[in-house]
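Visitor: Below you will find the structure I want to go over with you.
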Amino acid sequence: MKKIFVTRAIPERGVAMLKEKGYAVTVSDKDGVLTKEELIGRLKDAEFDAVLCLLTDTIDEEVFTAAGGQCGIFANYAVGFDNIDLEAAKRHGITITNTPGVLTETVAEHTFALMLAIAHRIPEGDAFMKAGKYKGWAPMLFLGTDLSNKTLGVVGLGRIGSRVAHHAVKGFGMRVLYYDPKANAEFENEYGAKFTDLETLLRESDFVSIHVPLLPTTRHLISSSQLAMMKRSAYLVNTSRGPIIDEQALVAALSNGTIKGAALDVFEHEPELSPGLSELSNVIVTPHIASATEETRGKMAELAAHNIIEALEGRVPPNKLV
Ligand code: NAD
């Protein structure tokens, strides 16, 4: 009987799919992230054939060694895979998969939720109301910023970035600039989007939204010099990965008025926030929940389970990275 280890409780649909195949499924009973030592302890000598892991698990050489030679696949419950050492996986002959596509719409929605919330000052207004401070309509109360007819700069025009651009153009009549290693002529024709270098995008955009993967080349892609290129009236939105922005530089830029505001779902030192970030009124933060709807987390669980089933039945899983 094939044995599967799931590193943390996920929506039941994924686990049920694995059980229906007759696999013995062990779900970590820890209420929280397993430390690397704990993960190694669970895998060592347990002879699991597959592991369903999360973006909060660091999966590297030592983990693959602990998993042993019979383990054929680590299926990541995320589209990002910066938590996994792909080269080490190749050396161990272990297949790695992710969950692309099923979360695209949800993350694009959350990006707009953040953009609208910071521009229309929703959290500030909500806190003001609940504190009983509202004394009646006033012409200058919580003046915000329109999205309509503004310029959105999309950094990384992949699955999520292009859906964000779609909503911007179709929903808000925004002009879209994008920066990506490769231009997309078809997209430009459909949406009137313009391919630029990063500096032009930062200088011309009213909203900048980050959608690149975390790679050695994208770590601190946005630091103090890039923030200084942005308009003082501009907002920065990040739903990709925290370390893409130099968070200490962002705190400085938000404090001294280099940019107007920021909305973040991901953080450089998760789950910690950089000193000063939570004291700022021109930033809103959500706890890495951009894909967290019931529908999407269920689909992610199903896709991760499907990748495991395909691998264990001798087929190439649809989302094989290596
Ligand atoms: P994707 O691979 O479809 O798109 C990434 C895009 O970034 C590609 O077009 C790629 O060419 C581009 N890119 C790569 N390096 C770049 C660089 N240096 N400069 C500019 N562009 C560059 O991925 P996706 O499905 O759109 O997901 C994007 C990222 O969003 C994921 O890698 C993940 O880290 C993050 N994400 C976060 C959440 C969340 O919960 N907050 C959820 C899903 C995805």
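The values are calculated or read from the model by the stated rules, or taken from the named source; none is laboratory data. Keep in mind the model is a prediction, meaning the values are calculated, not measured. Reconstructed Cβ throughout: ideal geometry from the backbone, glycine too, with neighbour counts over all protein chains shown. Accessible surface is based on the protein model in full, side chains and every heavy atom, while ligands, DNA and RNA are left aside. Shrake-Rupley method; radii C 1.70, N 1.55, O 1.52, S 1.80 Å.
Visitor: Kindly provide the set of residues from region 156-197 that are in contact with a Gly (Cβ under 9 Å, 6 or more places away or on another chain) and either more than 12 Å from the ligand (Cβ to nearest atom) or within 20 Å of residue 231 (Cβ to Cβ) (or both), ordered by number.
Guide: Of everything in region 156-197, those that are in contact with a Gly (Cβ under 9 Å, 6 or more places away or on another chain) and either more than 12 Å from the ligand (Cβ to nearest atom) or within 20 Å of residue 231 (Cβ to Cβ) (or both) turn out to be 169, 175, 176, 177, 178, 179, 196.
Visitor: Right, another one. Would you please name the residue that is surrounded by the fewest Cβ atoms within 10 Å (Cβ to Cβ), looking only at residues in region 47-71 that are closer than 21 Å to residue 18 by Cβ, more than 21 Å from the chain's Cα centre (by Cα) and of a type in the set (D, E, K, R)?
Guide: Checking each candidate, the answer is 47.
Visitor: Further question on the same structure: For the list (1) open to solvent by 20 Å² or more (accessible area, probe 1.4 Å); (2) within 16 Å of the ligand (Cβ to nearest atom); (3) assigned by TED's automatic domain parsing to the domain that holds residue 214, I need the number of the one condition that residue 262 fails.
Guide: Of the numbered conditions (1) open to solvent by 20 Å² or more (accessible area, probe 1.4 Å); (2) within 16 Å of the ligand (Cβ to nearest atom); (3) assigned by TED's automatic domain parsing to the domain that holds residue 214, the odd one out for residue 262 is (1).
Visitor: Now a separate question. Mind telling me which of the residues 19, 90 ends up being under 14 Å from residue 301 (Cα atoms), open to solvent by 10 Å² or more (accessible area, probe 1.4 Å), at pLDDT 95 or above and out of contact with any helix residue (DSSP H, G or I) (no Cβ under 7 Å at 6 or more places or on another chain)?
Guide: 19
Visitor: List every residue pair whose Cβ atoms sit under 9 Å apart, with the two residues 6 or more apart in sequence or on different chains, where the first one lies in region 276-304 and is on the phi > 0 side of the Ramachandran plot and modelled with pLDDT of 95 or more and the second, anywhere, is assigned to a loop (DSSP other than H, G, I, E, B) and among the aromatic types (Phe, Trp, Tyr).
Guide: Close Cβ pairs satisfying both conditions: 288/267.
Visitor: Within 23 Å of residue 234 (Cβ to Cβ), within 16 Å of the ligand (Cβ to nearest atom) and acidic (Asp, Glu), is that true of residue 109?
Guide: yes
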